[in-house]
Amino acid sequence: MLLLAAAPLAQAADAQLGLLLGRSFDSEETDVLRLTYRRGLNDGKAWWRPQQLQLGMGIWRVPDLEGRTVRYDFSVTPVWRRESGRGYLEGGIGLYLLSATVNNVSNRLPSAFQFGSHVGAGVFVRNASVGVALQHLSNAGIKEPNGGIDFLLLTLGVPF
C-alpha cells in the first residue's frame, strides 16, 4: 500500500523493479528479502538532489527473545546514483517502518520507525543491473537502546 501511495511522487519515465537479498553482519541468523520499485526524480545535473526514489517492501527472518521470527518493512529512500557505461555507484538515506520491534541478543531495534542508509556499487548486464550494497538501519537515538543492524545486500534491478 505504501508503494502505491508514494508512486505519484516520482516524476520521470524510467522505472526499475529490484530484488535485494541480504544477511546481517551482526547476526548470521538475520536475513532480509526486499522488493523495490524505483523512479527517476531529476535529470542528474543537480548532484545535490537525489536522482531516484526507491519504494520498498521487505520480509525479515530474525530470531527474537519474544519468540517472533518474521518482520516486515516498508520504506521510502531517495537515492543519489552515478552511472557510467558499465556500472554505477550509489548511496541513499531513507525511512523504514517495521511491522514489529526487534529484541534479540545481537540486535535491538526498540522502535518500529527506523532510518536506513546504504552505499552500493554494481555493473550492468544487458538491461539489468547486478550489485552489492552495505545497509545500516537504526532509529538515530529516538528510543534506547539504539543497537541498529547492518546488512550485506546482493541486488538485482530490471527495467519496468
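Quick one: what are the phi-derived ³J(HN,Hα) couplings along region 117-125, Karplus 6.51/-1.76/1.60 with θ = phi - 60°, whole Hz, x for glycine and proline?
Karplus values, whole Hz, x for Gly and Pro: 10, 8, 10, x, 8, x, 10, 9, 10.
Starting from the exponent 0.38 and prefactor 2.2 Å, build the expected Rg for the chain from its residue count and divide its actual Cα Rg by it.
Numbers: Rg = 15.7 Å, N = 160, 2.2 N^0.38 = 15.1 Å.
Cα Rg divided by the expected 2.2 N^0.38 Å: 1.04.
For Tyr88, what charge total do you get from the other residues with a beta carbon under 14 Å from its beta carbon, if Lys and Arg give +1 and Asp and Glu give -1? Mind dumping the intermediate values first?
Details: positive: Arg38, Arg81, Arg82, Arg86; negative: Asp14, Glu83, Glu90.
That works out to +1.
Quick check on the chain: helices-only [θ] at 222 nm, where DSSP H runs of length 4 and up contribute -39,500 (n - 2.57) each and the sum goes over total residues. Nearest 500, please. Let's see the in-between values first.
Details: 1 runs with 5 residues, N = 160.
Mean residue ellipticity at 222 nm (helix-derived): -500 deg cm²/dmol.
Step through the residues of region 126-131 one at a time and calculate ³J(HN,Hα) from phi using the Karplus curve (6.51 cos²θ - 1.76 cosθ + 1.60, θ = phi - 60°), rounding each to whole Hz and writing x for Gly and Pro.
6, 8, 9, 10, 10, x
Taking amide H positions as placed in the peptide plane 1.01 Å from N, state which residues far from Gly147 in sequence (5 or more) or on other chains have amide H under 5 Å from it.
Under 5 Å from the amide H of Gly147: Arg108.
Throughout, read-outs are computed from the coordinates displayed, never taken from laboratory work. Quick caveat: nothing in here was measured; it's all calculated off a predicted structure. Positions of Cβ are backbone-derived with ideal geometry, glycine not excepted, and every protein chain shown enters the neighbour counts.
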